[in-house]
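Encoded as structure tokens, the structure appears first; notes follow it.
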Amino acid sequence: MKIKNDLDKKVREELFRLTLSRGAVFLNKFAEIDHPKFFVVAGLSQDKIYTCSFYINSNIHPALTKKQELLNLQVPIKGDKYSFLTHTSFVCCSTVLPVKTTNIHSWIINNTCSYKGQLDKDDLANVTSAIINSGLLTDEEIELYFNEE
């Protein structure tokens, strides 16, 4: 039976990887953060193994208001558009969160993470544009995560 369980686990992991899409929003309990945190998968490698993700914050940290280049990377998403938000929040495109899809799947299996919804096409385009134009990613990373082919 162990072989069957291992096979089932691999099949579930592969199905998750294949169905993951850009704009997916999750809520996860990260070890280094004292509360569950939303994150969005903004970029996805063509083989869907690697993600370029970003935290979603309830507010813009006051320290960022004095740094226009970082303030520009706080992309608002309206709370009334998404059932998982209670108010307008901000995708923090100034902090890249590279995550393997296998990690997201493991978090879900371990009940620390759950799928919450999908950013709409316009919000995803705004987040994508912000990060591509930010200068934070190399050309290779942009090609890896945002290649539409």
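Go through the range 21-49 residue by residue and tally those that are under 8 Å from the mean Cα position of the chain (by Cα) and surrounded by fewer than 13 Cβ atoms within 10 Å (Cβ to Cβ).
The number of residues fulfilling the criteria is 0.
Name every residue in the range 54-64 that is under 11 Å from residue 37 (Cβ atoms) and either outside any loop (DSSP other than H, G, I, E, B) or touching a Phe, Trp or Tyr at 6+ places or on another chain (Cβ under 7 Å) (or both), in order of residue number. Break it down into steps so the answer makes sense when it comes.
Just the residues of the range 54-64 that are under 11 Å from residue 37 (Cβ atoms), to begin with: 54-58.
Once the filter is applied, which keeps residues that are under 11 Å from residue 37 (Cβ atoms) and either outside any loop (DSSP other than H, G, I, E, B) or touching a Phe, Trp or Tyr at 6+ places or on another chain (Cβ under 7 Å) (or both), the range 54-64 yields 54, 55, 56, 57.
Do we find that residue 37 is out of contact with any Pro (no Cβ under 9 Å at 6 or more places or on another chain), among the charged types (D, E, K, R), modelled with pLDDT under 90 and more than 19 Å from residue 122 (Cα to Cα) in this structure?
When the stated conditions are applied, residue 37 does not pass them.
Of the conditions (1) of a type in the set (A, V, I, L, M, F, W, C); (2) closer than 27 Å to residue 142 by Cβ; (3) at pLDDT below 95, residue 31 satisfies every one except a single condition; which number is it?
So residue 31 meets the others, but not (2).
If I filter the range 70-81 for residues that are part of a loop (DSSP other than H, G, I, E, B) and in contact (Cβ under 8 Å) with a residue 12 or more places away in the chain, do I get at least one hit? Talk me through it step by step, then tell me what you get.
To start, the set of residues in the range 70-81 that are part of a loop (DSSP other than H, G, I, E, B) comprises 72-73, 78.
This time we only want the ones that are in contact (Cβ under 8 Å) with a residue 12 or more places away in the chain, so: 72-73.
Within the range 70-81 (the criterion being part of a loop (DSSP other than H, G, I, E, B) and in contact (Cβ under 8 Å) with a residue 12 or more places away in the chain), the answer is yes, since at least one residue qualifies.
Yes/no per residue for (1) in contact with a Ser or Thr (Cβ under 6 Å, 6 or more places away or on another chain); (2) among the charged types (D, E, K, R); (3) more than 30 Å from residue 13 (Cβ to Cβ); (4) at pLDDT below 95:
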| residue | (1), (2), (3), (4) |
| --- | --- |
| 59 | no, no, yes, yes |
| 68 | no, no, yes, yes |
| 89 | yes, no, no, no |
| 129 | no, no, yes, no |
| 135 | no, no, yes, yes |
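Which of the residues spanning the range 87-100 are part of a strand (DSSP E or B) and among the small types (Gly, Ala, Ser)? Even if it seems obvious, please write down each step before you answer.
Filtering the range 87-100 for residues part of a strand (DSSP E or B) gives 89-92, 97-100.
Of everything in the range 87-100, just one residue is part of a strand (DSSP E or B) and among the small types (Gly, Ala, Ser), namely 89.
Failed condition for residue 22, given (1) more than 15 Å from residue 131 (Cα to Cα); (2) assigned to a loop (DSSP other than H, G, I, E, B), with all others met?
(1)
Residue by residue, here is whether (1) of a type in the set (S, T, N, Q); (2) touching a helix residue (DSSP H, G or I) at 6+ places or on another chain (Cβ under 7 Å); (3) surrounded by 14 or more Cβ atoms within 10 Å (Cβ to Cβ) holds:
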residue: 51; (1), (2), (3): yes, yes, yes
residue: 75; (1), (2), (3): no, yes, yes
residue: 85; (1), (2), (3): no, yes, yes
residue: 90; (1), (2), (3): no, no, yes
residue: 96; (1), (2), (3): no, no, yes
residue: 108; (1), (2), (3): no, no, yes
residue: 123; (1), (2), (3): no, no, yes
residue: 137; (1), (2), (3): no, yes, yes
residue: 141; (1), (2), (3): no, no, yes
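The values are calculated or read from the model by the stated rules, or taken from the named source; none is laboratory data. No experiment lies behind these values; they were computed from the predicted model shown. FYI the Cβ positions are ideal-geometry reconstructions off the backbone, even for glycines, and counts take in every protein chain you see.
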